[in-house]
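A short worksheet on the structure shown next.
Coordinate-derived values only; no laboratory data. Everything quoted here is computed from the prediction, not taken from an experiment. Heads up, the Cβs are rebuilt from the backbone with ideal geometry, glycines too, and the neighbour counts pull from every protein chain shown.
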Amino acid sequence: MRNVLYPAGQASYIEAYQGERDRAREERGETPEDTSAAAAHAEKRRELASQLMGGLEDIGDVVFKRAIVPETINTFGSVTADDLANQLKEEYGLVVDKTMMEFKSEGGRIKSLGDHLVKIQIGQKSALIKVVVKAA
């Protein structure tokens, strides 16, 4: 149609945009206001994560009491990520998601007496918490 409409004066050429383009953002339908809100949200999450890391570093030993199998160090009930998350929330006021926790031994739960280390991964940082399981 370029050969018909333009010479007849029924169409005109449009200047191409010469500015910076972010095609990925355009495809998602985001506006610059959306990205600034997302940046503010990310900054808030980083601040909360740093506060949580500070709180985790101040924690001493987290103690659990469990019934034991007679004449062994094995327990009847295990200490799970849910138990640890609830204990941290009740005693220290720290809200930690159970998916952030990585138990160093026994496949995601503690099934014996003694001292155990639990790694809590928050973003790129991690903290180790000492969990002590005692006989009830």
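Of the residues making up segment 111-128, not one is more than 27 Å from Phe76 (Cβ to Cβ) and over 16 Å from the mean Cα position of the chain (by Cα). Among the residues of segment 59-110, the ones that are surrounded by fewer than 13 Cβ atoms within 10 Å (Cβ to Cβ), under 22 Å from the mean Cα position of the chain (by Cα) and among the hydroxyl-bearing types (Ser, Thr, Tyr) come to 1 in all.
When Gln51, Gln18, Gln10 are checked against the criterion of being under 21 Å from Ser126 (Cβ atoms), of a type outside the set (Gly, Ala, Ser) and loosely packed, with under 12 Cβ neighbours inside 10 Å, Gln51 stands alone in meeting it.
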